[in-house]
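Notes follow the structure.
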Amino acid sequence: MNTKLSTIAVMAFIVVFAAATWLQAADDPFAALRKNAEKTMADGNYKDALEVYQKLALDKEDTRNLVGQDMQKTVSCLQSLNRIGELDSFVEKAINIHSNNWNCLYTAAQIYFTAGHGGMIIAGKFERGQGNGGQPVTSLERDRCRALQLMAQAQEVAEKAISANQENKNR
């Protein structure tokens, strides 16, 4: 009798574990792609990992709570490839796509706070990173201001989400 109960308990555990795993995979349709990108990045193939993470971060359907992680990984790949000059355009594209996602906005602010602040003015335009020619400048104050704007925007989006959640609970 104890053997039957033990077998039933083990079977129930397996079913519950399988269902939980299936539900988790269903929540993130990009899980396999993301896992492959992690392995690619760990292997030092930053160019291929960059393509995947950038695609994920700029996809409207990206998992809401993982957009920030995808953005951070994209920036890490850009730094490893010495392509930091592409940071600003990437971050601003992600912000435009995910403007109602506080996680994206908060991560964008963090990126601006921690990014290298050196750059060059070339043909009247700021280019982040070390460039050839041009006038060397710092973007510290510019980055700080943009990060504070994004933090305020993230707070506003989060407050709206909390308020909407409270209204739904009260119905």
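The values are calculated or read from the model by the stated rules, or taken from the named source; none is laboratory data. As the structure is a computational prediction, the values presented were derived from the model and not from experiment. Note that each Cβ is placed from the backbone with ideal geometry, even for glycine, and that neighbours are counted across all protein chains shown. Side chains are part of the model used for accessible areas, which takes the heavy atoms of the whole protein and leaves out ligands, DNA and RNA. Shrake-Rupley method; radii C 1.70, N 1.55, O 1.52, S 1.80 Å.
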Subject >> Electrostatic dipole magnitude of region 40-92 [Cβ: Lys, Arg +1; Asp, Glu -1; Cα centre; debye, to 20] >> reply: 80 debye
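Mind ranking 40-52, 96-108 by how tightly packed they are, going by the mean number of other C-beta atoms within 10 angstrom, highest first?
Details: 40-52: 15.8, 96-108: 19.8.
Result, highest mean first: 96-108, 40-52.
Quick check on region 37-169: take the gyration tensor over C-alpha atoms, sort the square-rooted eigenvalues as a ≥ b ≥ c, and tell me if it's rounded (a/c under 1.5), prolate or oblate.
Verdict is oblate for region 37-169.
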**OP:** Could you please state, rounded to a whole Å, how far the C-alpha centre of region 92-149 is from the C-alpha centre of region 22-91?
**Re:** 19 Å
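Kindly flag which residue pairs out of Lys39/Lys169; Lys60/Lys160; Lys93/Lys160 have an alpha-carbon separation exceeding 29 Å in this structure.
Details: Lys39/Lys169 41 Å; Lys60/Lys160 20 Å; Lys93/Lys160 23 Å.
With Cα atoms farther than 29 Å apart: Lys39/Lys169.
Taking only protein heavy atoms into account and a 1.4 Å probe, give the accessible area per residue of region 43-142 in Å². Please report the intermediate quantities before stating the final value.
On the way: 5360 Å² over 100 residues.
Per residue, region 43-142 has 54 Å² of solvent-accessible surface.
With a 1.4 Å probe and all protein chains kept in place, how do Thr74, Thr63 rank by accessible area, largest first?
On the way: Thr74 0, Thr63 25 Å².
Ranked from most to least accessible, the order is Thr63, Thr74.
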